[in-house]
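First comes the structure, then the notes that go with it.
The values are calculated or read from the model by the stated rules, or taken from the named source; none is laboratory data. Given the structure is predicted, the values throughout are model-derived calculations rather than measurements. All Cβ positions, even for glycine, are placed from backbone atoms using ideal geometry, and neighbour counts span all protein chains on display. Heavy atoms of the whole protein, side chains included, go into the accessibility calculation; ligands, DNA and RNA do not. Shrake-Rupley method; radii C 1.70, N 1.55, O 1.52, S 1.80 Å.
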Amino acid sequence: MMITEALAIARHHHKAGDLGRAERAYREILRESPDHVEALYLLGEAYHQLRRPGDAAGCFLRVVLLNPDHWEACNYLGVVLLAQGKGEEAVACYRRALRIRPNQAEALANLGEALMQQGKGEEALASLRRGLALQPNRAELHYALGKAYRNGGQAAEAAACLREAIRLRPDFPQAHGTLGLLLTDAGADEEALACFQESVRLQPRDAAAQSNLATALVEQGKQEEAIAHYREALRLDPDCISALGNVAIHNLFPLNEEQVGRINTLLAQPRLAPASASVLHFALANLRHRASADDSAFENFRQGNALRRRACQQAGTGFDAEAHRRMIDRLVQTFTPEFFQRARGLGLDTEVPLFIVGMPRSGTTLVEQVLSQHPQVFGAGELPDVARLAETLPSHLGAPEAYPGCLARLDGQSAQGLAERHLQRLARLGGAALRVSDKMPTNFLHLGLIATLFPGARVLHCRRDALDTCLSGYLQYFRGMNFTYDLADLGEYYRQYERLMAHWRAVLPLPLLDVSYEEMVASQEEVSRRIVAFCGLGWDERCLAFHESPRPVHTMSMLQVRRPIYASSVGRWKRYEKHLRPLREALAGPGPA
């Protein structure tokens, strides 16, 4: 058979998805003609689709050696290397492809993605924008730019790009999936679920899409459906890290010996991406924790957190204890009794907003679940709105000073306008509910701003034993809470939290109720009645059945709060007592806590 005919047959198998037969056909051609560039390139594609990255890289590298101007092989070699965690080598491949074809939009998109993964956000955006200038109707470029914006925290820009990618190419499963992740972050649960379902419909054999849909279903309390999709993800790809991680971390179903072995095998890969390694360490840690292998479990927790801490430091987003202390100083110095005296009457006197604050893992989700069962309360979950308002307040006020110094320029018209916009947002979420709760724990940082804009609001402050609180944060796979990745950082953060809360108790002109987690566990009905009464509402027995609430929960407590109240988390720190010296020392640090 002539090579041309053999190549056509091999390509037919490849296109039909029969990758095994395609691989054998390509290799047969290469036995006769070892330097056949097209067969080598197509074999590399087949190996990549068969998840054999080493073999794929070997094929593409040989193509480049045979034909240095083969930009497609340079580009695809970058794709394979990036998937192996070799970011710098991937960037070099994409740059070489662009030297051959300077205006190749696909290579620009890939370069942007690789730079984004390396934390080089501005370079990534520049590459993607250049690609879009060349091909403004290329859905893949809008998608890549949307991912870059999402990674940079620019949610509105990310959503616009992802929606444009879907408009240009409705059958784009990855764009639907990433938009789903963005909508989940924004609390648009139903629309997010629809995105994940569409992603799976378009690409049912994609394990990551199945895993994303499963996670959304878990958050909505649909555990059995979620388990089915996690099982499918692992059937499609036994090495699907997100599925292995979520199943182990949340204890959704027992992993078999082979699956646990895969976690260990994946962790042994020298080029495993740090983010993936961290997930797998947390998976093993949770498996060992449940098996009471506490020392080995803690070592996995330590390694998983250390990887995340190092990644944040390299990206310039690590926790800076000194900068955090200075920020607390500024809040204490700004929000004085004199400030609140001057600010009286600036905001809107409404009782709709309820703010549930405290350290993460202090019981904020539990308190909101109790309240959300009341027919006159809407639980809005963790809203980022107040923190975003504090961040953007200088531009709202046209002030050169950063927050909170810019509040010196706040007048009644500005305050009421900002408060009204937030109330409209709560009304869109909660409809006619008398109270809408926001359980963003770290809003304890912004209680001064809250009191200024909403002098009729109520604050529920959740408290829990310091060691239990901090250790629980350390043992959770938190996203975006960089102070939880190190025991000493956690202890310092907790000390500053205690310091600020002591200040708020002294000066805050808002009703504030301390809610003890331990007391809630010991006396659920008594504490629940106290909470409801504090919110100005009549008692409703449904508040005792908080675990029956169908509302979505996006926090790490999403499964715990679907169970009746339990006491096993009280005193949990004692299991790991001998590992907690850095935390104890930080909590007992110099000066008043």
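Relative to 2.2 N^0.38 Å, what does the C-alpha radius of gyration of segment 331-385 come to as a ratio? Two decimals please.
On the way: Rg = 15.0 Å, N = 55, 2.2 N^0.38 = 10.1 Å.
Taking N as the residue count of segment 331-385, the ratio is 1.48.
Diffusion of the chain by Stokes-Einstein, at 20 °C in a medium of 1.002 mPa s and with Rh set to the Kirkwood radius over alpha-carbon pairs, works out to 81 µm²/s.
By the Stokes-Einstein formula, at 0.890 mPa s and 25 °C, segment 406-457 with its Kirkwood radius over alpha-carbon pairs has D equal to 201 µm²/s. Accessible surface for PHE483 stands near 10 Å², nearest 10, in the context of the full protein assembly shown (1.4 Å probe). 3J(HN,Hα) along segment 112-125, derived from phi through the Karplus expression 6.51 cos²θ - 1.76 cosθ + 1.60 where θ = phi - 60°, amounts to x, 5, 5, 5, 4, 5, 8, x, 9, x, 5, 4, 4, 4 Hz, with x in place of Gly and Pro. For the chain, a simple Cβ point-charge model (Lys and Arg +1, Asp and Glu -1, everything else neutral) yields a dipole of about 480 debye relative to the Cα centre.
Using a ≥ b ≥ c from the Cα gyration tensor of segment 102-177 (square roots of the eigenvalues), is it rounded, prolate or oblate, where a/c under 1.5 gives rounded and otherwise the larger of a/b and b/c decides, a/b for prolate? Intermediate results must be reported in sequence, preceding the final value.
On the way: a/c = 1.79, a/b = 1.14, b/c = 1.56.
Oblate, because a/c is 1.5 or more while a/b does not exceed b/c.
Of the solvent-accessible surface of segment 8-76, computed with a 1.4 Å probe over protein heavy atoms with every protein chain present, carbon and sulfur atoms account for 50 percent. A probe of 1.4 angstrom, applied to the heavy atoms of all protein chains, finds TYR94 with accessible area near 0 square angstrom.
At q = 0.14, 0.20, 0.23, 0.26 Å⁻¹, what is the log10 ratio I(q)/I(0) for segment 56-105, with the Debye formula run over Cα points and no solvent? Listed by q, the Debye log ratios stand at -0.28, -0.56, -0.74, -0.91. Close amide-amide hydrogen proximity is noted between LEU354 and VAL436, SER437, ASP438, each under 5 Å apart and 5 or more residues distant or on a separate chain (H modeled in the peptide plane; Pro and chain starts excluded). For segment 224-298, the percent of C-alpha pairs falling in each 5 Å distance bin, counted from 0 to the bin holding the largest distance, reads 3, 16, 29, 26, 16, 7, 2, 0.
Give, rounded to the nearest 20 debye, the magnitude of the charge dipole that segment 131-187 has about its Cα centre when Lys and Arg contribute +1 at Cβ and Asp and Glu contribute -1 at Cβ. Before the final figure, lay out the partial values.
On the way: 6 positive and 5 negative charges, 14 e Å.
Dipole size: approximately 60 debye.
Fully extending the segment from ALA387 to GLU191, taken as 0.36 nm per residue of separation minus the present Cα-Cα distance, adds 68.2 nm. In plain terms, the chain from PHE253 to LYS15 could stretch by 82.0 nm, reckoned as 0.36 nm per residue minus the Cα-Cα distance.
Overall, segment 244-403 carries a charge dipole of about 440 debye about its Cα centre when +1 sits on the Cβ of Lys and Arg and -1 on the Cβ of Asp and Glu, all other atoms neutral.
As I understand it, the value is the acute angle between the Cα axis of helix 487-507 and the longest principal axis of the Cα atoms of the chain; what does it come to in degrees, rounded to 10? Tilt of helix 487-507: around 30 degrees. Expressed as a whole percent, the accessible area of segment 122-246 that falls on carbon and sulfur atoms is 50 (1.4 Å probe). Dividing the summed -39500 (n - 2.57) terms of all DSSP H runs of n ≥ 4 by the residue count of the chain sets its mean residue ellipticity at 222 nm at -19500 deg cm²/dmol.
Listed values for segment 231-239 are Karplus-derived 3J(HN,Hα) couplings in whole Hz (6.51 cos²θ - 1.76 cosθ + 1.60, θ = phi - 60°), namely 4, 5, 4, 6, 5, 5, 9, x, 9, and x replaces Gly and Pro.
With viscosity set to 0.692 mPa s at 37 °C, what whole-number translational diffusion coefficient in µm²/s follows for segment 6-59 from Stokes-Einstein and a Kirkwood radius over Cα pairs? Diffusion coefficient, whole number: 310 µm²/s. Ranked by the mean number of other Cβ atoms within 10 Å per residue, highest first, peptides 508-514, 67-73, 20-26 order as 20-26, 67-73, 508-514.
A simple packing score, the average count of other Cβ atoms within 10 Å per residue, orders the peptides 323-331, 128-136 as 128-136, 323-331, with the highest score first. For segment 402-414, the Karplus equation 6.51 cos²θ - 1.76 cosθ + 1.60, evaluated at θ = phi - 60°, returns couplings of 6, 5, x, x, 5, 5, 4, 9, 6, 10, x, 5, 5 Hz by residue, with Gly and Pro reported as x. The residues of segment 1-110 expose, per residue, 52 Å² of accessible area to a 1.4 Å probe. Extension gain, ALA427-ALA323: 0.36 nm per intervening residue step, less the Cα-Cα distance, totals 33.8 nm.
Please report, as a whole percent, how much of the solvent-accessible surface of segment 408-482 comes from carbon and sulfur atoms (probe radius 1.4 Å).
Working: 1200 of 2540 Å².
It is 47 percent, rounded to a whole number.
As a calculated quantity, the FRET efficiency between SER296 and SER523 at R0 = 56 Å, using C-beta atoms, amounts to about 0.95. In this rough spin-label picture, where each label sits 7 Å from Cα along the Cβ direction, the SER395-ARG51 distance is 4.2 nm.
Ignoring ligands, DNA and RNA, how do HIS281, HIS48 rank by accessible area with a 1.4 Å probe, largest first? Please list the in-between numbers first.
Working: HIS281 20, HIS48 55 Å².
Descending accessible area places them as HIS48, HIS281.
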